[in-house]
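These notes are about the structure you will find just below.
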Amino acid sequence: MISLEKQSSRAVPFNGTGEGVAHPKRNWYVALVRMHHEKKVAERLEKMGIESFVPVQEEYHQWSDRRKLVASVLLPMMVFVHTTPKERMEVLTLSTVSRYMVMRGESAPTVIPDEQMARFRFMLDYSEEAICMNSSPLARGEMVRVIKGPLKGLVGELVTMDGRSKIAVRLNMLGCACVDMPIGYIEPMKGRVDK
């Protein structure tokens, strides 16, 4: 008779020595790459087993004889990588990656908080409107939550640009990702939210 025992679930993987194996923390960084190599770098990183993200959005381009849906990179020459400290060094071995984005006066690469990346990716995945990146300084807006439409649940800042209401998600060192948002689709946030 074969007996099936229920496997116990462990919070930390077991290495066979009686101790748990600690996993280094993964952080989001911005790798700077050669022009028009963003997708190729992401493919190479995937083959290396390193998580990466290239923000791409589809938009229509008009030529004199035709109109075509084109996938364009939102942040040229930048690839987001989600790595451990060891993997971060491996990324630099690719000839098309020059360096990581660093804050002025710092030597360590800038970390993009997980919360900011999650909101940015959600906005890219579900927005029906084109997203624009604004690198010029924007005054802090009121924290709001989207309550209707495809971006329902997104938390960001309500800002006014060129007389239009937009919801903005700030990304360290990169500015803000902004998308048009009708006022009726949002509600003010109660309490403080991590920015």
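The values are calculated or read from the model by the stated rules, or taken from the named source; none is laboratory data. Computed from a prediction, not measured in an experiment: that's the story for all the values here. Cβ placement follows ideal geometry from the backbone for every residue including glycine, while neighbour counts extend to all protein chains displayed.
Considering segment 23-70, the qualifying strands (runs of 3 or more DSSP E), each wholly inside and each with 3 or more residues that are surrounded by fewer than 10 Cβ atoms within 10 Å (Cβ to Cβ) and assigned by TED's automatic domain parsing to the domain that holds LEU94, run over 56-62.
Among the residues of this structure, GLU51 does not count as one that is without any contact (Cβ under 8 Å) to a residue 60 or more places away in the chain and within 22 Å of CYS178 (Cα to Cα). Flag not set for VAL79, criterion: under 14 Å from the mean Cα position of the chain (by Cα) and modelled with pLDDT under 95. For segment 89-131, filtering for residues that are among the basic types (Lys, Arg) and either surrounded by 18 or more Cβ atoms within 10 Å (Cβ to Cβ) or closer than 17 Å to GLY153 by Cβ (or both) leaves 2.
Counting only residues that are of a type in the set (Ser, Thr, Tyr) and farther than 20 Å from LEU174 by Cβ, how many does segment 37-61 have?
1
Listed by first and then second residue, the pairs linking a residue in segment 174-195 that is of a type in the set (A, V, I, L, M) and surrounded by fewer than 15 Cβ atoms within 10 Å (Cβ to Cβ) to a residue that is part of a strand (DSSP E or B) and modelled with pLDDT under 90, with Cβ atoms under 8 Å apart and 6 or more places separating them unless they lie on different chains, are ILE183/SER165.
Given MET103, MET77, which one is under 25 Å from VAL169 (Cβ atoms), touching a residue at least 12 places away in the same chain (Cβ under 8 Å) and out of contact with any strand residue (DSSP E or B) (no Cβ under 7 Å at 6 or more places or on another chain)?
Working: MET77 fails: out of contact with any strand residue (DSSP E or B) (no Cβ under 7 Å at 6 or more places or on another chain).
None of the others qualify; the one that does is MET103.
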